[in-house]
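Before we start, here is the structure in question, set down as structure tokens.
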Amino acid sequence: MIVGGNYIGKGAEAMMLVVRDQVKKVFPNVKFWTTPINESEAEKLKKDGFNLIYPERRSRLNKVLKLAAAVLGMKQRKKYGTIESRDKLDNIFRTTDFVIDIAGFVSSDQFGPRASFQRWLNYMWAYYADNKVIFMPQSWGPFRNIWVRVFTRWTLKKASFICAREKVSYDYLVNAQCAKASDVHYCNDIAFLFEVDNTQAVSRQLLNGIGLRSSELPVITITPNMRIYERVEGEDANNRYVRILLEVIHYFLENTDCNVVLIPHEASYNRRNDPQLCELLLKLMGPNTRLGMFSGSESARQVKSVIGNSELLIASRYHSLVAALSMRTPVAVIGWSHKYDELMEQVELSDFIADPVRKKDDGKTLEMIIRAWKQREQIQKKLQEKVPEIENSMQNTFKKVINIIKQK
């Protein structure tokens, strides 16, 4: 079972495909199951070889009784060989042996006790169905809220593998006693291993469809993040983050011959999302044949190919940063979390990050981005030096996961 992945965000999509491909190298006949968010996602998942499973509606008494059984350590009978895609089960984990959790960021004060409780409840069902649970590299904490801490501790108590993707997250888990230090592994995001067809032809084909005057020009890519917009003051043109992005776009259109392409790296449902933010930026900039945006419906492979062929990425989405680093594309970051800081520190590029959420912008963000543009060759050389170490650590992490699967 794959948990925490989806086709809403390009990073979550990339991680699902990485897990599929890495595990299938060793176990070619393995079946992967997941629960789609909607019909559109279901079709994409099926196309990529995932089996679909849906939970049955259960009565409240049924839920309580089975949860009690799970807490007491009782095991539920499997239901192998009789489940087809789209069938429903009282416990979706009855058809699987392993759960691979690729959620980017769930267990934290930021998301609160309700999210932590729901995660614990979900994994009680997995343990009840005798699944081994593997938490792939992700962000954790902080855990100042006692209930966030308690539910995270209970969630991880029976886990077979726990991995933090930043040292800060590792420290949060250990210091809050959510897991023993000896049980927590440290490794970067698995999306570093997401392979794409990095040809200019693929990139230009996509660029031809978004109304640019010419797809032959060099490209600057930007991944705006609606979550940053929501965390700083102001609305629309008066939003501080929007003002920063408009300054950046103006600079590249007026001082270079590059196309500027806005990429919605996540298009979440039932909330304001990245495509809306990109549309706002386009509207405020006015018509320009060197400025365009993707729709958000492009695949993770397509988006990474364009990022890989751009001269510079201004990254506000974490997994777009991962995509750029793994493709050795020069990058400057406008972030909002420690996860950006630590990754840029690891590749020795801490001088190329701004944070409008935790720090007031003093006009130096544009200055930093211009510096990154002028030093893009040096940045690329630094990535060529540092990123292979990250990729090797990821391969070692998957070896550990494969060994857990072999021991079942």
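The values are calculated or read from the model by the stated rules, or taken from the named source; none is laboratory data. The model shown is predicted, which means the values in this text are computed figures rather than measured ones. With ideal geometry, Cβ positions are generated from the backbone for all residues, glycine too; neighbour counts draw on all protein chains shown. All accessible areas refer to the heavy atoms of the entire protein, side chains included, with ligands and DNA or RNA removed. Shrake-Rupley method; radii C 1.70, N 1.55, O 1.52, S 1.80 Å.
Six or more apart or on different chains, Cβ atoms under 8 Å: show the pairs whose first residue is in the range 232-246 and charged (D, E, K, R) and whose second is assigned to a loop (DSSP other than H, G, I, E, B) and surrounded by fewer than 16 Cβ atoms within 10 Å (Cβ to Cβ).
From residues that are charged (D, E, K, R), the pairs are ARG240/GLU233; ARG240/GLY234; ARG243/GLY234.
Take the residues in the range 228-256 that are charged (D, E, K, R) and within 18 Å of MET368 (Cα to Cα); name whichever of them is farthest from the chain's Cα centre (by Cα).
GLU254
Confirm whether SER320 is hydroxyl-bearing (Ser, Thr, Tyr), modelled with pLDDT under 95 and closer than 27 Å to GLU43 by Cβ.
So SER320 fails the test.
I'd like the full set of residues that are open to solvent by less than 10 Å² (accessible area, probe 1.4 Å), not hydrophobic (A, V, I, L, M, F, W, C) and not in a loop (DSSP other than H, G, I, E, B), limited to the range 176-227.
The answer is SER203, THR221, THR223.
LEU313 passes all but one of (1) open to solvent by 10 Å² or more (accessible area, probe 1.4 Å); (2) part of a strand (DSSP E or B); which number fails?
The number of the failed condition is (1).
With more than 30 Å from SER299 (Cβ to Cβ), in contact (Cβ under 8 Å) with a residue 40 or more places away in the chain and in contact with a Lys or Arg (Cβ under 9 Å, 6 or more places away or on another chain) as the only criterion, which of VAL196, VAL168 stands out?
Exactly one residue qualifies, and that residue is VAL168.
Something else: Can you say whether ARG301 is open to solvent by 10 Å² or more (accessible area, probe 1.4 Å), among the charged types (D, E, K, R) and at pLDDT below 95, as far as the supplied structure shows?
yes
Conditions: (1) without any contact (Cβ under 8 Å) to a residue 60 or more places away in the chain; (2) farther than 17 Å from VAL232 by Cα. ARG358 meets all but one. Number of the miss?
Among (1) without any contact (Cβ under 8 Å) to a residue 60 or more places away in the chain; (2) farther than 17 Å from VAL232 by Cα, ARG358 violates only (2).
Please go through the range 353-382 and pick out each residue that is open to solvent by less than 30 Å² (accessible area, probe 1.4 Å) and part of a strand (DSSP E or B).
Selection gives ALA354 alone.
To keep it simple, each residue is scored yes or no on (1) open to solvent by less than 40 Å² (accessible area, probe 1.4 Å); (2) at pLDDT 95 or above; (3) in a helix (DSSP H, G or I); (4) in contact with a Lys or Arg (Cβ under 8 Å, 6 or more places away or on another chain).
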{"position": "SER268", "(1), (2), (3), (4)": "yes, no, no, no"}
{"position": "SER297", "(1), (2), (3), (4)": "no, no, no, no"}
{"position": "SER305", "(1), (2), (3), (4)": "yes, no, yes, no"}
{"position": "VAL333", "(1), (2), (3), (4)": "yes, yes, no, no"}
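Let me ask you something else. Exposed (fewer than 14 other Cβ atoms within 10 Å of the Cβ) and at pLDDT 90 or above: is that true of PRO28 in this structure?
Yes: the conditions hold for PRO28.
Additional query: Are there any pairs with C-beta distances below 8 angstrom linking a residue in the range 1-23 that is part of a loop (DSSP other than H, G, I, E, B) to a residue that is open to solvent by 20 Å² or more (accessible area, probe 1.4 Å) and at pLDDT 95 or above, with the two at least 6 apart or on different chains, and if so which?
Here the result reads MET1/PHE98, each pair linking the range 1-23 to a residue that is open to solvent by 20 Å² or more (accessible area, probe 1.4 Å) and at pLDDT 95 or above.
Among the residues of the range 279-298, which ones are touching a residue at least 12 places away in the same chain (Cβ under 8 Å) and over 20 Å from ALA12 (Cα atoms)?
Listed by number, the residues that qualify are GLU279, LEU280, LEU281, LEU282, LEU284, MET285, ASN288, THR289, ARG290, LEU291, GLY292, MET293.
Further, regarding this structure: Which one of the conditions (1) at pLDDT 95 or above; (2) over 30 Å from ARG358 (Cβ atoms); (3) open to solvent by 30 Å² or more (accessible area, probe 1.4 Å) does ASN259 fail to meet, given that it meets all the rest?
In the conditions (1) at pLDDT 95 or above; (2) over 30 Å from ARG358 (Cβ atoms); (3) open to solvent by 30 Å² or more (accessible area, probe 1.4 Å), ASN259 misses (3) alone.
I need every pair where a residue in the range 368-388 that is at negative phi and touching a residue at least 40 places away in the same chain (Cβ under 8 Å) has its Cβ under 6 Å from the Cβ of a residue that is open to solvent by 40 Å² or more (accessible area, probe 1.4 Å) and not in a helix (DSSP H, G or I), sequence separation at least 6 or different chains.
Close Cβ pairs satisfying both conditions: GLN380/ARG328; LEU383/ARG328; GLN384/ARG328.
Follow-up. Run down ILE402, ILE379 and say which single residue is of a type outside the set (Asp, Glu), over 15 Å from MET327 (Cα atoms), touching a helix residue (DSSP H, G or I) at 6+ places or on another chain (Cβ under 7 Å) and at pLDDT 95 or above.
Of ILE402, ILE379, the one residue that is of a type outside the set (Asp, Glu), over 15 Å from MET327 (Cα atoms), touching a helix residue (DSSP H, G or I) at 6+ places or on another chain (Cβ under 7 Å) and at pLDDT 95 or above is ILE402.
Taking the stated definitions as given, is SER108 surrounded by 15 or more Cβ atoms within 10 Å (Cβ to Cβ), under 28 Å from VAL18 (Cβ atoms) and either without any contact (Cβ under 8 Å) to a residue 12 or more places away in the chain or touching a Lys or Arg at 6+ places or on another chain (Cβ under 9 Å) (or both)?
no
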